1. Expressed in nm to one decimal, what extension gain is obtained for the pair residue 113 and residue 204 from 0.36 nm per residue of sequence separation less their Cα-Cα distance?
2. Could you check the simple spin-label distance between residue 325 and residue 9, using points 7 Å along Cα→Cβ, in nm with one decimal?
3. Cut-off 10 angstrom, C-alpha nodes, Gaussian network model of the chain. Which of 213, 116, 14 fluctuates the most?
4. To one decimal place, what Kirkwood hydrodynamic radius in Å is obtained for region 169-245 from all pairs of distinct Cα atoms?
5. Please work out, to two decimal places, the log10 of the ratio I(q)/I(0) at q = 0.14, 0.21, 0.30, 0.31 Å⁻¹ from a Debye calculation in which every Cα of region 1-60 carries one identical scatterer.
6. Can you compute the FRET efficiency between residue 79 and residue 225 using 1/(1 + (r/R0)^6), with r the Cβ-Cβ distance and R0 = 25 Å? Round to the nearest 0.05.
7. Roughly what percent of Cα-Cα pairs across region 198-287 reach past 23 Å?
8. Given a Förster radius of 41 Å and the C-beta distance between residue 338 and residue 286 as r, what FRET efficiency does 1/(1 + (r/R0)^6) yield to the nearest 0.05?
């Protein structure tokens, strides 16, 4: 199949720039993945749509404030997006105006009050990898940990949000489940959940279980190949706790439904399953699984997810789950009804 088969017209004003005034007040488009029929509902209706005895799986990754501005030797402001640690004082980073940021250049990083926090030097270019040649290896003058990002960093809002982050984003761009720090982006389907949502689910016998997948910046990269078979997915790390795997395997054996919250949960579960036996395996791993039409889902029965960008791997994934024609028709309806799209937007429930 071709990526051009997964496109739709999206007015720019429907791309949500801010979250709903109150968490959990978003709209919900419920889509029958067998018939393609849809219903316009609200997130407050979600617990009533989940069958008693089902298991809901959420991603508990926490977004790192990995967007940090440094000052170059000449006084220029340079943006660093730190993607992964390679050592106590060595990090990979995507750097703005990357061709000008050459090995040997040094930068200072300061606190909001203007105090020097640390210095760093670009040690080398990283020529390959999912993010491309804008990746650099950055050596700090001392070890840095999460306190560096908390003090000096900014919330790495997606590129389609055309504003600077603010204090509100520190809370609203994290899910209520956020625990394990390491994501470059939020698992946004989980943003719709409130403690009340969880209580309502548990009251009807639904268990909410946590897995972890750290979202990489590759999630925002466009598909640059026309044929889907030629696209190579970015790699992300995940963890499935042993007790979670046991509970999901028991539920599958008993015919109870597994409801994945977000495409990150889907990719984790479908990556960790033994595709021969259908048994979900516990433990940590890395995945570059590209789910596209024809994929056989072994674990996930239902999915809550946000609206995705045209010609994206995420739109391909939900099309594999519910059918391309069904999804494109539902998206056209969503545009007509003025649903809000992408990270801070509304949700879909594929059942």
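All of the numbers you see were taken from the coordinates with simple rules; none came from a lab. Small disclaimer: the values here were computed from a predicted structure and weren't measured. Cβ atoms come from the backbone with ideal geometry, glycine included; neighbour counts cover every protein chain shown.
1. Working: separation 91, 0.36 × 91 = 32.76 nm, distance 4.95 nm.
Gain in length upon complete extension: 27.8 nm.
2. 2.1
3. Most flexible of the set in this elastic network: 116.
4. Values: mean 1/r = 0.0670 Å⁻¹.
Averaging 1/r across every pair of different Cα atoms and inverting gives 14.9 Å.
5. -0.69, -1.19, -1.21, -1.22
6. Efficiency computed from Cβ-Cβ geometry: 0.35.
7. 33
8. Result of the calculation: an efficiency of 0.55.
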